[in-house]
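None of the figures in this text is laboratory data; all of them are computed from the coordinates on show. Just so we're clear, the structure is a prediction, and the values are computed from it rather than from any experiment. Here the Cβ is made from the backbone with ideal geometry for all residues, glycine too, and neighbour counts use every protein chain on show.
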Number of protein chains: 2
Amino acid sequence: MERIHCGTLRPADKEKNVKLKGWVQKRRDLGGLIFIDLRDRSGLVQIVFNPDESSEALKTAEDIRSEYVIEVMGKVVIRDENTINPNMSTGEIEVLVHDIQVLNKAKTPPFMIEENSEVAEDIRLKYRYLDLRRREMQETFKLRHQTTQVMRNFLNDEGYLEMETPMLTKSTPEGARDYLVPSRVHEGEFYALPQSPQLFKQMLMMSGFEKYYQIARCFRDEDLRADRQPEFTQVDIETSFMSKEDIMAMTERMMAKVMKEVKGIDISTPFQRMPYDEAMERFGSDKPDTRFGLELITLSEIVKDSGFKVFSGAVASGGKVSGLNVKSQADAFSRKDIDKLTEDVKVYGAKGLAWLKVNEGQLNGPIAKFFSEEEAAQIMSAMNAEEGDLLLFVADKTSVVYDSLGALRLKLGKKLELIDPNTFNFLWVTDWPLFEYDEDEERFFAAHHPFTMPADGDVSQIIDHPQEARAEAYDIVLNGYELGGGSLRIYEKEMQDRMFEALGFSKEEADEQFGFLLEALEYGTPPHGGIALGFDRFIMLLAGRTNLRDTILFPKTASAQDPLTDAPGKVSEAQLDELNLKLKRKKQD
Amino acid sequence: MERIHCGTLRPADKEKNVKLKGWVQKRRDLGGLIFIDLRDRSGLVQIVFNPDESSEALKTAEDIRSEYVIEVMGKVVIRDENTINPNMSTGEIEVLVHDIQVLNKAKTPPFMIEENSEVAEDIRLKYRYLDLRRREMQETFKLRHQTTQVMRNFLNDEGYLEMETPMLTKSTPEGARDYLVPSRVHEGEFYALPQSPQLFKQMLMMSGFEKYYQIARCFRDEDLRADRQPEFTQVDIETSFMSKEDIMAMTERMMAKVMKEVKGIDISTPFQRMPYDEAMERFGSDKPDTRFGLELITLSEIVKDSGFKVFSGAVASGGKVSGLNVKSQADAFSRKDIDKLTEDVKVYGAKGLAWLKVNEGQLNGPIAKFFSEEEAAQIMSAMNAEEGDLLLFVADKTSVVYDSLGALRLKLGKKLELIDPNTFNFLWVTDWPLFEYDEDEERFFAAHHPFTMPADGDVSQIIDHPQEARAEAYDIVLNGYELGGGSLRIYEKEMQDRMFEALGFSKEEADEQFGFLLEALEYGTPPHGGIALGFDRFIMLLAGRTNLRDTILFPKTASAQDPLTDAPGKVSEAQLDELNLKLKRKKQD
């Protein structure tokens, strides 16, 4: 007899004889009968053991406990009206068991297999195989599977070829820290695990494949934050002969398809586009959450000559003054509440948080007296300040103003429930700086990577005014998260030479590290570009979760360990010896 | 104007204005005109520059060389009847160019971009991006892409979930040599790259997902042969509650779908099944190529008392005697030819190759005199020997007989063209030994892996008679290549404990290495099993190629190097220091 899945049974199946296999979710004994909620990957169904049906099965059921794996044969019957469970998709029926077989026993699990379980995460990860039995985890990984297939089908339909690039590659000093893999054959040499397939996908364009994608595992040996993992998955795409607009439009079609097929939501395209500078000025962030307002308002011009030295001084020393208008919250925020917000902005280096309240048409608060009537009117006008509004200000170096007010905006957005959790706001951030200046190393680094095309192919800019140079780069942002980013790539050797020069590479250093790329550029490289999307994070947002680890089957902890298998672990002396390695310091036990 | 792909143009497109982008395959100057074969991923089309159409474009074309990347606008015209090229799918038309733009130049490539190029492999790999431009390579990777999608769609349709297991895992001493990845955070500890997702896919069954698959990258740090790579791809599948027959039938449906959709070939299912012992006895191989006969024939019983001491002695000391009947080849093989075959079998440890020829109804040859008339008749009958047949024999330890005659059979099959290259013969090899005895280490090892279910769940056998124990394992063989293998897994803790005991693990060692698995088995593990298919090798066979490296975009050489990027490479002292490592010996330069 064919096995039926528990969660699929319906009243239409009544009188059918069925075979079910699954896990015991819960057992209840009642009036000489035994009721079991039987679980498989499709859901739950109630099965009933009674002495009329089979006293033998009933006897076996007496020893059964949660998480036993059983196989039963039984008859589907309609429940009495008063025992119907409207919260269960199979709640109108139950299965009268006439035959049972215990396939495997189970000890009492360390935690209940149920939704919204409040178990400490280290226990969940140690017993991940139990944690994953929970309905919400099963649903998350079904959604991940489904999203993968929708994206693949989209890319296949658009003529992209799925291609596999190497995992054992070469370490390059640009970018994040590599995971290294010692070579046994070549003593003293190492492979590196890829931070992304960047150079290989460019090589594939040089190979004439024109349209490539890969759902690729990538690795970064960085200190972990809540939304980072040592290994992560990205949807990696590269194309030849396509413009920036072509690539962005293709990405939008893909996203619209995922939202429709996975979430049933129609999203409109094209997505909003916002230059980097505007995103920073209005949202204090290069990945703005545009689901709510509470935007930053630049006040530097208005307050640059004001008597409030904190403001005028910040502008005079090249910084800026920006403010947030927290509408109608003047009364809701006490002095103490504002002191707490001040602590929040200090985390980002702000020296303080100035505030004003609008009361009877006037600005009120300790700093109000420093502004002329005209300045006060201009501030109110610029900030659209109305009765009962709370105005918050940071005056500092521009980067500090953005970081602190950007974070404060998000915090207040959540606190004041300005954000609709069911909205998905996609946004392109464009016109990125080509370089970032590193003050410690006193040199420019590539803001994206050294293969990014300068805007308008402007070679001279990158050498003469690197701080002004812009990139042909675009990031896709969803609800305040960077979902991915891409760029057109440099495809002319001379331009790539100049780029390495701007990054402070000597010709020898460039050749040593990227000689193969520089050589390849000389053999007919097509114009090309692409994008990479952070797949784990996308799933997190689609599943409505907040912890990236809930979207990865066997994630690592913040210290890069797997509590289930206890990786990483010790290896034998013989293994190290084969690799020509020894530990520099003995481990401190 | 939308770009059109070169290879798609047909006479129906005549008079159309088209935009093309691609690479210059070849330029020919003829009578004041210039002809270029333009190539993109769809194929080739001839474009023509003539002074009537555009003298400016003609002038630009004069500087164009092979592998330049160009964009042209032109008009599709039908060729004169006498210039039609029937060998080109676009051979009936050409494109008269009125506008050309050089997108990128190219130096003269180190080899021609053409089919069946006879370039040394190290050069091909160093300039892999040029090698991959060749039509046969483009076709191989399109076939790889297509096969991937067919398998995925099949598995999706059958309810399997695609799931991603970790790459940074724990090293275990069983199995092949691991690639290790030093941990920076946990000094002196290492991750290992997975040899397969075996334990994680079992964990997913314990998690209740029931049907899993992954097209998974796997790693083995072994010395490389022609058909091995340090990293390789396997189609990894695991299921719960399915029988061995269920899993084999599912695999057959998948293979039939691939053969139909990728190759247009109907293959019949179920596939032939052959116990391991039979495969060895008849083919001298655990992965027999069943596309041709020339089977091994066991003669031990017939010759055990013969006067030829080499034969009778081999049987007496526990070995065996087997022969091959090379039909109608008596005259074709001279003594010298047979001497060469003897050298071949010696590679496998055989001490010699005996031979007989059938001439005028009699066995002829130097050893003929040792056999009685009855023995000679029995040999001829057993081997179905007829006039003009060449009979070859090895008498030795059983394993030497199988290895040497198995290899000789393959060699003769190829040499005598007994194999139809267009046939795809799938075969299951079943009833595998559970253990292999390692004479160096003087202990039993798991023939597949230590999680394989013993046949009929027979616990006592594995402790008391390990050499007799059989596994619930099955290998799928295609045309003499092991395409993959699988098994039912142990799902009861007691059985797994016994298995580790049989492998010589103390309880402490088993807990240290596999404690998490042993613990997981106690919390309601369903009966489960699966299969893994070597994807690179499958593609090699589907594409009709003989070199595994031609199926991998950026493969490693036999010394595990990538000649393109020059991986592996040196890393900085600082990188090693962060990992608490130093080299044991200085590299010998």
_Calculated from backbone phi, Karplus (6.51, -1.76, 1.60) coupling profile of the range B:442-451 in Hz, x at Gly/Pro_ = 6, 8, 7, 10, 5, 5, 9, 7, x, 10
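Give me the orientation-averaged projected area of the Cα convex hull of the range B:430-517, in nm², one decimal. Kindly include the intermediate steps, with their values, before the conclusion.
Working: hull surface 25.3 nm².
Reported value for the Cα convex hull: 6.3 nm².
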*In 10 Å bins starting at 0, how do the alpha-carbon pair distances of the range A:194-258 split up by percent?*
19, 40, 32, 9
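When you have a sec, figure out the Kirkwood radius of the protein assembly as shown from all distinct Cα pair distances and drop it here in Å to one decimal? Please list the in-between numbers first.
Numbers: mean 1/r = 0.0288 Å⁻¹.
It works out to 34.7 Å.
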*Can you list the lysines whose alpha carbon sits under 20 Å from that of residue A:336, skipping same-chain ones fewer than 8 residues off?*
A:327, A:346, A:351, A:357, A:411, A:414, A:415
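According to the square roots a ≥ b ≥ c of the eigenvalues of the Cα gyration tensor, what is the shape class of the range B:112-259, taking rounded for a/c under 1.5, prolate for a/b larger than b/c otherwise, and oblate for the remainder?
On the way: a/c = 2.48, a/b = 1.19, b/c = 2.08.
It is oblate, given that a/c is not under 1.5 and a/b is not larger than b/c.
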_In whole Hz and in residue order, list the ³J(HN,Hα) couplings for the range B:159-164 that follow from phi through the Karplus curve 6.51 cos²θ - 1.76 cosθ + 1.60, θ = phi - 60°; x for Gly and Pro._
x, 7, 9, 7, 9, 9
*asked:* Need one word for the range B:283-341: rounded, prolate or oblate. Basis is the Cα gyration tensor (sqrt eigenvalues a ≥ b ≥ c); a/c below 1.5 gives rounded, then a/b vs b/c decides.
replied: oblate
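Which helices, taking whole DSSP H runs in chain A, have alpha carbons extending 15 angstrom or more along the helix axis plus mean Kyte-Doolittle at least -0.5? Working shown, then result.
Working: long enough: A:135-157 (33 Å, -1.28); A:244-263 (27 Å, -0.44); A:335-346 (16 Å, -1.53); A:398-415 (25 Å, 0.07); A:507-520 (17 Å, -0.61).
Membrane-span-like by this rule: A:244-263, A:398-415.
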_If I take every Cα pair under 8 Å that is 6 or more residues apart in chain A, average their sequence separation and divide by the length, what percent do I get for the relative contact order?_
13
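Quick one: Cα convex hull volume of the range A:343-446, Å³ per residue?
Details: hull volume 18.5 nm³, N = 104.
With only Cα atoms used, the range A:343-446 gives 178 Å³ per residue.
Evaluate the Kirkwood expression for the hydrodynamic radius of the range A:498-587, namely the inverse of the mean inverse distance over all pairs of different C-alpha atoms, and round to one decimal in Å.
Final number for the Kirkwood radius of the range A:498-587 is 18.8 Å.
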*Could you give me the radius of gyration and the Dmax of the range A:452-498, taking only the C-alpha atoms into account and expressing both in angstrom?*
12.7, 39
*Can you give the direction-averaged projected area of the convex hull of the alpha-carbon atoms in the range B:54-130, in nm²?*
6.8
*Per-residue [θ]222 nm for chain A (sum of -39500 (n - 2.57) over DSSP H runs n ≥ 4, rounded to 500)*: -8500 deg cm²/dmol
*For the range B:201-337, how big is the tail of P(r) above 22 Å, as a whole percent of Cα pairs?*
67
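Once you sort the root eigenvalues of the Cα gyration tensor of chain A as a ≥ b ≥ c, which label holds: rounded (a/c under 1.5), prolate (a/b larger than b/c) or oblate (the other case)?
Details: a/c = 2.13, a/b = 1.38, b/c = 1.54.
Oblate shape, in that a/c is at least 1.5 and b/c is the bigger or equal ratio.
In peptide A:513-523, how many Cβ atoms from other protein chains are near each Cβ within 10 Å, on average?
Values: counts 3, 1, 2, 9, 3, 0, 5, 5, 2, 6, 16.
Partner-chain Cβ atoms within 10 Å, mean over residues of A:513-523: 5.
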*the range A:251-304 versus the range B:465-488: alpha-carbon centroid distance in Å*: 56
*Convert each backbone phi in the range A:19-31 into a coupling constant with the Karplus relation 6.51 cos²θ - 1.76 cosθ + 1.60 (shift: θ = phi - 60°), then list the ³J(HN,Hα) values in order as whole Hz, x for Gly and Pro.*
10, 10, 9, x, 9, 7, 6, 6, 10, 10, 9, 8, x
*asked:* Using only the Cα atoms of the range B:1-152, what semi-axes does the equivalent ellipsoid have when each is the square root of 5 times a gyration tensor eigenvalue? Give whole Å, largest first.
replied: 27, 20, 14
*What are the nm distances, shortest first, from residue B:504 to its equivalents in the other copies, labels at 7 Å along Cα→Cβ?*
5.6
*Would you kindly work out, in nm and rounded to one decimal, the distances from the label point of residue B:566 to those of the same position in each other copy, ordered shortest first, with label points 7 Å along Cα-to-Cβ?*
4.2
*So what's the range A:273-401 giving for Rg/Rh, alpha carbon basis, Kirkwood Rh from the mean inverse pair distance?*
0.94
*Check cross-link reach from residue B:19 to the lysines: straight Cα distance under 28 Å, and skip same-chain residues fewer than eight apart.*
A:201, A:211, A:244, A:493, B:59, B:75, B:105, B:107, B:142
